[in-house]
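First the structure, in the form of structure tokens, and then the observations on it.
Every read-out reported here was derived from the displayed coordinates using simple, explicitly stated rules and does not represent laboratory data. Predicted, not measured: the structure shown is a model, and the values here were computed from it. Reconstructed Cβ throughout: ideal geometry from the backbone, glycine too, with neighbour counts over all protein chains shown.
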Amino acid sequence: MSRDALRPPARAPHAAVPPRLADTVRIEPAANGGHWLVSIDGVPVSRASSTVAATLSAMDGTAAVDDLRRRFAPDQEPEAFAALVERFRRAGLLEGSPRRPAGRVTYRPPLTIQLATLRAPLLFDRLHRLLRPLLRRWLVWPLAAIVVLGGVALVWQAETAARALTSPLPLADLGLVAAVMIAATLAHEAAHGLTLSHAGAQPRRAGVMLLYLGPAFFVDVTDAWRLPSRASRVVVALAGPAVHAVLGGAAALGALAVPDSDLRRALLVVACTCVTVVVVNLVPFVRFDGYLALMSALDEPRLRARTMSDAADALRRVLFGGPAGPRSFPRRWSVPFGVLSALVPTVIVGFAVERAVRALAGTGPVGAFLVLALQSFVVVAVGVRVARWLVACWRRGTGRLRFVLLAAFLTAAAFGAAASVPVDDVRTTGFVVADDRVLLVSTDDSPASLPVADGSPVDLSTSGILSAHVATGTAWATAPRPRAVPLSAFSPLEVSGVDVDAVVIGAVDVAESSELPVAGRASLRLGSRSVLEAAWTTHVVEPASVLLSFLSPPDTDTKETRR
């Protein structure tokens, strides 16, 4: 008989303690009568079946877990039912594991921080009374027509829109686009709350938040679970993207109608930005509006958390063995949905971190400190979740030796791949066209920090919101000399009459004849290095060296001069 056969079956923590429902938990029938609503401090947290509601109600601190299983789930294995009770405990439904209601400052793992006002019910009640005369069903049709016709208009102007996105924007246009998009984002969130109020429920909180390292507004529409129909909850979730869709359609139609080229360019940028917001918001694998709409349509609360739990359990079984845990979401697509729900936010966070590192590069010790602090926060937040999963694998795997050997192998394989896979060593700087010559320019006072090797390939592109490749050439080093260059050499902004002090660090022989912009971005290809070296140098060594040089200035010669 093997040693694993002698091991006692795994039991969930607290399984021997008779569970007791927390005093702050209330269980009431849902408006549609098909489910029960579970709330903490008056805040709905889940919809439950009649069996689950009866099981929770029977948890009075006197009935043991096995007794509850025999009464309400006799067909379920003891370990599976004990794990269910443990999920209730982790959700804050049982005594001894209180769940604090969201307040003015709330952190939601892994990377969301919210700053809220608790007067949202009063604010949206007043807003609803003010706008109620305009909220009519027939209004949907003209708004839908704007969206459809605006989409056709945007496709018709696709070439002009592409030029607007890939060219530097004048300061006035950028200010207009920024103001419109901030107002649109505010209206987006207000639409969620207003739709919820119109349906008969109340938004609880509203404010600003840092979502996956990006600032955003938010409105807490958890109370939508009180609405009687799934369709009503889906409408609440999609009200926000509808605002951006209508605004994008109107901007595209406006661009088709206005004669002024500058205003047309700004309107097309607004339309394209709105389309991007709508598409991103409908991705169901992140806690955006598309996910909330899907969860409401399926009438399945905590969909991401449950599917990610199933995916983590499946991965644990594949890697480390052990018995299968009970399914949190009994659908065939639970595991793949959970995998994507974990991977997509990871990609978003990685992209956001990479963008922040590039934006803060060259901004001195303050930027270096922000880069290191931001990355440390991300590593800790993600590391805690990974560590918890590893602990669960350690406890429920088939053998400790297999766990140690496989973990060591996977770690070594990951570092080995990162150390051996090459990536292009690309350094980005600016270029200007002067006297029929293409000059490489840098804002760094020490041009040696960006070496230009003779014969290095270089790609030239525009410096708009998006970059468009315009030419390929060969770089040659030149003697450093100061020069004033347009702002568009280093940013997607164009300000007439405003130049930036820079240093010429090289020249480019353009390979093909093409019309070049006055200024733009140049990407120097300086060879290749491993993924590990590139990541370590860019994300750790460079900001750390800047910070250390600021904290520890070079020693000065303090020796006295002898006469």
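Remarks
- Cα gyration tensor shape of segment 10-90, rounded if a/c is under 1.5, else prolate or oblate by comparing a/b with b/c: prolate
- Debye, to nearest 20: dipole size of the chain, +1 on Lys, Arg Cβ, -1 on Asp, Glu Cβ: 2780 debye
- Taking the longest Cα principal axis of the chain as reference, the axis of helix 542-551 is set at about 80 degrees.
- Segment 423-503 gives an Rg/Rh value of 0.94, both radii derived from C-alpha positions and Rh following Kirkwood.
- Distant-in-sequence amide H partners of HIS35 (H built 1.01 Å from N, under 5 Å): ALA30
- When each of the peptides 295-308, 379-392 is scored by how many other beta carbons lie within 10 Å of its residues on average, the order from highest to lowest is 295-308, 379-392.
- Taking amide H as placed 1.01 Å from N in the peptide plane, ALA471 has its amide H under 5 Å from the amide H of LEU460, each at least 5 places away in sequence or on another chain.
- When the Cα gyration tensor is reduced to axis lengths a ≥ b ≥ c, the ratio a/c is 1.5 or higher for segment 56-155, and with a/b above b/c it is classed as prolate.
- log₁₀ of I(q)/I(0) at q = 0.06, 0.11, 0.12 Å⁻¹ - the chain, Debye sum with one point per alpha carbon: -0.44, -1.20, -1.31
- Theoretical FRET efficiency, 1/(1+(r/R0)^6), r = Cβ-Cβ of GLU95 and ASP425, R0 45 Å, to 0.05: 0.20
- Karplus-derived 3J(HN,Hα) values for segment 493-498, using 6.51 cos²θ - 1.76 cosθ + 1.60 with θ = phi - 60°, are 10, 10, 10, 4, x, 10 Hz; glycine and proline are entered as x.
- Segments 236-243, 461-468 sorted - mean Cβ within 10 Å per residue, highest first: 236-243, 461-468
- Principal-axis tilt of helix 364-396 within the chain, Cα atoms, nearest 10 degrees: 30 degrees
- Cα gyration tensor shape for segment 204-275, rounded if a/c is under 1.5, else prolate or oblate: oblate
- Amide H contacts under 5 Å for GLY322, placed H, 5+ residues apart: THR398
- Considering helices alone, the calculated mean residue ellipticity of the chain at 222 nm is -16000 deg cm²/dmol, with DSSP H runs of length four and up weighted by -39500 (n - 2.57) and normalised per residue.
- Seen against the Cα atoms of the chain and their longest principal axis, helix 140-156 is set at about 30 degrees.
- Protection proxy ranking, peptides 122-131, 38-47, average beta carbon neighbours within 10 Å, highest first: 38-47, 122-131
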